[in-house]
1. Kindly provide the set of residues from the stretch 302-332 that are under 28 Å from residue 96 (Cβ atoms) and among the small types (Gly, Ala, Ser), ordered by number.
2. Does any residue in the stretch 46-57 that is without any contact (Cβ under 8 Å) to a residue 40 or more places away in the chain come within less than 9 Å, Cβ to Cβ, of a residue that is part of a helix (DSSP H, G or I) and open to solvent by 60 Å² or more (accessible area, probe 1.4 Å) six or more places away or on a different chain, and which pairs are these?
3. What helices (runs of 4 or more DSSP H) completely inside the stretch 276-379 contain at least 2 residues that are open to solvent by 100 Å² or more (accessible area, probe 1.4 Å) and either at pLDDT below 65 or farther than 30 Å from residue 150 by Cβ (or both)?
4. Anything in the stretch 80-98 that is closer than 17 Å to residue 262 by Cβ and open to solvent by 30 Å² or more (accessible area, probe 1.4 Å)? List them, or say none.
5. Any residue in the stretch 26-47 that is assigned by the TED database to the domain that holds residue 261, modelled with pLDDT of 70 or more and polar (S, T, N, Q)?
6. Only one of (1) in contact with a Pro (Cβ under 9 Å, 6 or more places away or on another chain); (2) without any contact (Cβ under 8 Å) to a residue 24 or more places away in the chain is not met by residue 93, so which one is it?
7. Residue 32 is checked against (1) touching a residue at least 24 places away in the same chain (Cβ under 8 Å); (2) over 30 Å from the mean Cα position of the chain (by Cα); (3) surrounded by 12 or more Cβ atoms within 10 Å (Cβ to Cβ) and fails just one. What number does that condition carry?
Amino acid sequence: MFDDISPSNSGRASGFGESFKILFRWKHSVYRLLWEPFLIYVISYISLSLLYDYVLSANARVDFEAIAAYCSKYTSSLPIVLLLGFFTSTSMQRWFSVFNTMPGTAKVIAIFVLALKENAADGAQMIQQYSRWILLSWTFTFRLICQPLKKLYPDLQSLQNAGLMLEHERIHLEQVQSKHSSESDHYLSLAVLDWNLAMLKRCSRQGLFTIPADCNRQVDALMAFKKSCCNTLKFSSKNIPVALIQVVTITVYSIGVASLMARQLADKNPATSFITGYFPMLNTFQYFLYLSWLRFGAMASNPFGEDDDDIDITKLLQSHIEDAQRLQALYVTGPADELVTTSIETPSKKWPRNLCVYTDEGAEQVDGADDDGIGLTEV
């Protein structure tokens, strides 16, 4: 039906006709979202035309034409474009605010790994515990606002089974949960962050940091992580007012219902009357645009839902786990340390000079460049 085009092959503005490739993309497209209401709209429109042409009497047709004329005036009087533009811009501004405030885990873990003394007693275990608690706090935060993550980890036992917490930690958090039945995940996240603070206090007391002042840097990074979690909850809990979504939805669907009747029946030309009656191109295209704006704004108002274009929190959690494992490996001597040592002992005496120059005809090597497109000059 439609070819699935990757974003890198979605067309360029420089090539004639290449920008239209994106119009034939089906995956994550507006066609996939709206084909059902679009089909219902076309069937309803044609059904009303058949009703007018073959079922209604002469007197009933006069009433039908009067209703059609009234609906035609109604559809042109509503400020639908202004309302949809305001709703869409508000939703997108909120989407970008939520996206920019999403907490990351790599920075706070990396600072802890690099500040800890090498070959410290139980150093690797401390890093593992610290990283796991950061991931657990992150998970508790997004369980409050992400339904797919809530379904994946519905209770504390499921988190223990996934390896994000230990049994004695689960028992402690169940006690915290019993004290705060409402918004328990928020208090659970704060309780886990207290464990991280206790870990920093222990490391500072035992002199495990390379520089004693690093403890303050750890606390600052942890508090910044906590602030990002709280900001994400704040933006997600203060959603777009339901009244605004209701107003826009009612307006769009009322326009759609009215446009089913809005037609120029006074035109008796056989060609134009047949086209306007059974091929509602203009009406359908107009309603299709309005409904697209509505769906787009509704999707942006809930970026952590189950739609195809929503932020995949479960995949993001998996990437954070992989980052934590990679950062933990930096604490012990591994391939990265061996590579750094080898590069220092056998340094390169050449610097990159020129890269490929891209023109309209493609990539061209500059004069003096090597076969791989990079020119090297000795120091």
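The values are calculated or read from the model by the stated rules, or taken from the named source; none is laboratory data. If you're wondering where the values come from, they're calculated on a predicted model, not measured in any experiment. All Cβ positions, even for glycine, are placed from backbone atoms using ideal geometry, and neighbour counts span all protein chains on display. Note: accessible area is taken over every heavy atom of the protein model, side chains too, but ligands, DNA and RNA are not part of it. Shrake-Rupley method; radii C 1.70, N 1.55, O 1.52, S 1.80 Å.
1. Result: 305, 319, 324.
2. What qualifies is 56/63.
3. Passing ranges, in order: 281-301, 335-345.
4. The one that is closer than 17 Å to residue 262 by Cβ and open to solvent by 30 Å² or more (accessible area, probe 1.4 Å): 81.
5. Yes; the residues of the stretch 26-47 include at least one that is assigned by the TED database to the domain that holds residue 261, modelled with pLDDT of 70 or more and polar (S, T, N, Q).
6. (1)
7. Just one mismatch for residue 32, condition (2).
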